[in-house]
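Student: Handing you this structure, nothing more for now.
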Amino acid sequence: MDTAGRGFALMCEMGTGKTLTAIAITGALYQAGKIRRALVISPTSVVSVWISELERHAAFPYRATALLGDRQQRLRALRELDKWPFRGLKVAVINYEATWREGIAEALLAWRPELVIADESQRIKTHNARQSKAVHKLGDQAEYKLILSGTPVQNNAVDLFSQYRFLDPAVFGTNFYAFRNRYCVMGGFNRQQIVGYRNMDELIRKAHRIAYRVTKGDCLDLPEETFENRYVNFRPADRKLYDRLRRTSVAELESGGRITAPTVLTKLLRLQQLTGGFLRPDESARPEHVNSAKLDALMDIVDDYVICEGRKLVVFARFTAEIDLISKALKERGIRFGCLDGRTPVSERDRLVAEFQNDPGMKVFVAQIQTAGLGITLHAASTEVFYSLDFNYASYTQALARIHRVGQHHPCTYIHLLVENTVDEKVLASLRKKDDIARALVDDWRSYFE
């Protein structure tokens, strides 16, 4: 940690103990008299996890507070933490989205933490986003900085710039465009798209000067992983509806002028919703349950793994309408389950995870991939079902790591439910190739609708 800039990157794959390592580094800095205040910035779903992990692992005196709620609640919690009269490190944990809010940004800067930890630091990969700029400012005045990420590069090499701008500006500088010109080949419309890379050996060498990388292959006690695709067939009427929606989407894209990733994603979203069993006639309408192809396949898995074998199961889905369908089906079977999605109060999330991990009677954990893919441990199960996927490679790999992590002693099985000859197969193929999805959607959008 005593490098120029006093910043360090823990680029450790999910489940290999980067949070524990960060807590150990924090404790060492405190016990050496280097820090008195530490600020942890994390995704919202992970804020309470940090409080729990400190309780489990911190072998030094501390007081930790989660800065959650409205602005006044967050500011009051920070003031109360600062007034804590007893000896110990003061740790504040806050979500990324709050760091740039009026009043909160100023209070965090005034609090002057000597250590700032950016957990899942890919959240600040966009150099000109407000939350990235806010975190940069906090890093500029902190003596010590850590970034933690298993996937620091999600789509392209420029993802590193903003994270290292926070960590140590001496590594890649503070000018994004100079960085891009050094390492990227530009092309496409007005030469604004990254079409290739150069000087990669130099980039990697510079990045690893202040970084430590651990892969699951380095953890010899982790069990094997098996991936299985289970194909589901539409009924003729469902297939006809899907094909009609697909053709309509292509016609609208072809007649709509310039193709952009958001417009293509909007069309693909509706196709994904349909393979998941529901359709929303328009944005204001409630989703309608139109088919049970995937739901029936999932219930077969539940019958085999949970009812017959008595094993625990984790199910990931993208849409809340899918989660509602799954939850209803589990209730009808009398199966106890936990459910965590964007609607779940942050205060309830730790309890749900702990109950699944420790209560033999809770057999299934249903989770939204965007919400529960980060920071939680679900290795009471060794099997995961992906009911649906989003286009984010980091979300996918994070979800895989919920069960395949330190403490798992059984081989892990991942089952993808895919409606045959649909967008489901395209999304999974893109994730496995680690495609730059945004670029692929623009350059090769028709392939997603074939």
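Student: Which condition from (1) touching a helix residue (DSSP H, G or I) at 6+ places or on another chain (Cβ under 8 Å); (2) open to solvent by 40 Å² or more (accessible area, probe 1.4 Å); (3) among the acidic types (Asp, Glu) is the one that Glu55 breaks?
Tutor: Unmet condition: (1).
Student: With (1) touching a Leu at 6+ places or on another chain (Cβ under 9 Å); (2) among the charged types (D, E, K, R); (3) assigned to a helix (DSSP H, G or I) as the list, and Lys90 as the residue in question, which single condition is left unmet?
Tutor: (3)
Student: So, in region 124-162, of the ones that are of a type outside the set (A, V, I, L, M, F, W, C), in a helix (DSSP H, G or I) and within 18 Å of Ile210 (Cβ to Cβ), which residue ends up modelled with the lowest pLDDT?
Tutor: Asp159
Student: Would you check if Val171 is over 22 Å from Lys133 (Cβ atoms) and either surrounded by 14 or more Cβ atoms within 10 Å (Cβ to Cβ) or not basic (Lys, Arg) (or both)?
Tutor: no
Student: From Asp350, Asp324, Asp341, Asp359, which residue is closer than 29 Å to Ala66 by Cβ and open to solvent by less than 20 Å² (accessible area, probe 1.4 Å)? Show your work before the answer.
Tutor: Details: Asp350 fails: open to solvent by less than 20 Å² (accessible area, probe 1.4 Å); Asp324 fails: open to solvent by less than 20 Å² (accessible area, probe 1.4 Å); Asp359 fails: open to solvent by less than 20 Å² (accessible area, probe 1.4 Å).
One residue alone meets the criteria, Asp341.
Student: Looking at region 199-250 only, could you name the residues that are under 30 Å from Arg405 (Cα atoms) and of a type in the set (Lys, Arg)?
Tutor: Hits for region 199-250 are Arg205, Lys206, Arg209, Arg213, Lys216, Arg230.
Student: For region 396-424, enumerate the residues that are closer than 13 Å to Val314 by Cβ, in contact with a Phe, Trp or Tyr (Cβ under 7 Å, 6 or more places away or on another chain) and not hydrophobic (A, V, I, L, M, F, W, C).
Tutor: Tyr414
Student: Right, here's the next one. Please state which one of Ala367, Ala354, Ala399, Ala381 is of a type in the set (Gly, Ala, Ser) and in contact with a Ser or Thr (Cβ under 9 Å, 6 or more places away or on another chain).
Tutor: None of the other options fit; the residue is Ala354.
Student: Related question: If we keep just the residues of region 210-227 that are open to solvent by 50 Å² or more (accessible area, probe 1.4 Å) and either over 25 Å from Ile301 (Cβ atoms) or in a helix (DSSP H, G or I) (or both), which is modelled with the lowest pLDDT?
Tutor: First pass over region 210-227, keeping only residues open to solvent by 50 Å² or more (accessible area, probe 1.4 Å): 212-213, 217-218, 220-221, 224-227.
From what's left, either over 25 Å from Ile301 (Cβ atoms) or in a helix (DSSP H, G or I) (or both): 212-213, 217-218, 220-221.
Values: Tyr212: 88, Arg213: 85, Gly217: 68, Asp218: 70, Leu220: 54, Asp221: 70.
Looking at residues that are open to solvent by 50 Å² or more (accessible area, probe 1.4 Å) and either over 25 Å from Ile301 (Cβ atoms) or in a helix (DSSP H, G or I) (or both), I get Leu220.
Student: What number of residues within region 228-248 are exposed (fewer than 13 other Cβ atoms within 10 Å of the Cβ) and either among the basic types (Lys, Arg) or in contact (Cβ under 8 Å) with a residue 60 or more places away in the chain (or both)? Break it down stepwise before answering.
Tutor: From region 228-248, those exposed (fewer than 13 other Cβ atoms within 10 Å of the Cβ) are 228, 233, 235-237, 240, 244, 247-248; that's our starting set.
Now restrict to residues that are either among the basic types (Lys, Arg) or in contact (Cβ under 8 Å) with a residue 60 or more places away in the chain (or both): 228, 233, 235, 240, 244, 247.
Number of matching residues: 6.
Residues are listed down the side, and each one gets a yes or a no for (1) buried (at least 19 other Cβ atoms within 10 Å of the Cβ); (2) closer than 30 Å to Arg258 by Cβ:
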{"site": "Phe161", "(1), (2)": "yes, yes"}
{"site": "Ala178", "(1), (2)": "no, yes"}
{"site": "Arg182", "(1), (2)": "no, yes"}
{"site": "Val195", "(1), (2)": "no, yes"}
{"site": "Ile204", "(1), (2)": "no, no"}
{"site": "His208", "(1), (2)": "no, no"}
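Student: Suppose we keep only residues that are assigned to a helix (DSSP H, G or I) and exposed (fewer than 14 other Cβ atoms within 10 Å of the Cβ) within region 249-265. Which one would you say is modelled with the lowest pLDDT?
Tutor: Checked region 249-265; the qualifying residue modelled with the lowest pLDDT is Pro262.
Student: Would you be able to say whether some residue in region 94-113 is within 20 Å of Thr19 (Cα to Cα), touching a Leu at 6+ places or on another chain (Cβ under 9 Å) and open to solvent by 40 Å² or more (accessible area, probe 1.4 Å)? Working first, answer last.
Tutor: If we filter region 94-113 for residues that are within 20 Å of Thr19 (Cα to Cα), which is where we start, we get 94-96, 113.
Now drop any that are not touching a Leu at 6+ places or on another chain (Cβ under 9 Å), which leaves 94-95, 113.
Then drop every residue that is not open to solvent by 40 Å² or more (accessible area, probe 1.4 Å), which leaves none.
For region 94-113, residues within 20 Å of Thr19 (Cα to Cα), touching a Leu at 6+ places or on another chain (Cβ under 9 Å) and open to solvent by 40 Å² or more (accessible area, probe 1.4 Å): absent.
Student: When you go through Tyr144, Tyr183 one by one, which is the residue that is closer than 30 Å to Pro61 by Cβ, of a type in the set (Ser, Thr, Tyr) and in contact with a Phe, Trp or Tyr (Cβ under 9 Å, 6 or more places away or on another chain)?
Tutor: Just a single option satisfies the conditions, and that option is Tyr144.
Student: I would also like to ask the following. If I go through region 97-123 residue by residue, how many of them are basic (Lys, Arg) and either under 22 Å from Gln73 (Cα atoms) or assigned to a loop (DSSP other than H, G, I, E, B) (or both)?
Tutor: Matching residues across region 97-123 total 2.
Student: To continue, here is another question. Picking from Ile204, Ile194, which residue would you name as being under 26 Å from His136 (Cβ atoms) and assigned to a strand (DSSP E or B)?
Tutor: Ile194
Student: Starting from residues that are touching a helix residue (DSSP H, G or I) at 6+ places or on another chain (Cβ under 7 Å) and assigned to a helix (DSSP H, G or I), keep the ones in region 168-191 and report whichever is farthest from Tyr30 (Cα to Cα).
Tutor: Once the filter is applied, the top-ranked residue is Tyr183.
Student: So, in region 63-93, how many residues would count as being small (Gly, Ala, Ser) and open to solvent by 100 Å² or more (accessible area, probe 1.4 Å)?
Tutor: Of the residues in that region, 0 qualify.
Student: Taking region 404-428, which residues are under 19 Å from the mean Cα position of the chain (by Cα) and open to solvent by 10 Å² or more (accessible area, probe 1.4 Å)?
Tutor: Scanning region 404-428 gives Arg405, Val406.
The values are calculated or read from the model by the stated rules, or taken from the named source; none is laboratory data. What you are looking at is a predicted structure, and each value in this text was computed from that prediction instead of being measured. Don't worry about glycine lacking a Cβ; one is built from the backbone with ideal geometry, like all the others, and counts go over all protein chains shown. SASA here: full protein model, heavy atoms, side chains in, ligands and nucleic acids out. Shrake-Rupley method; radii C 1.70, N 1.55, O 1.52, S 1.80 Å.
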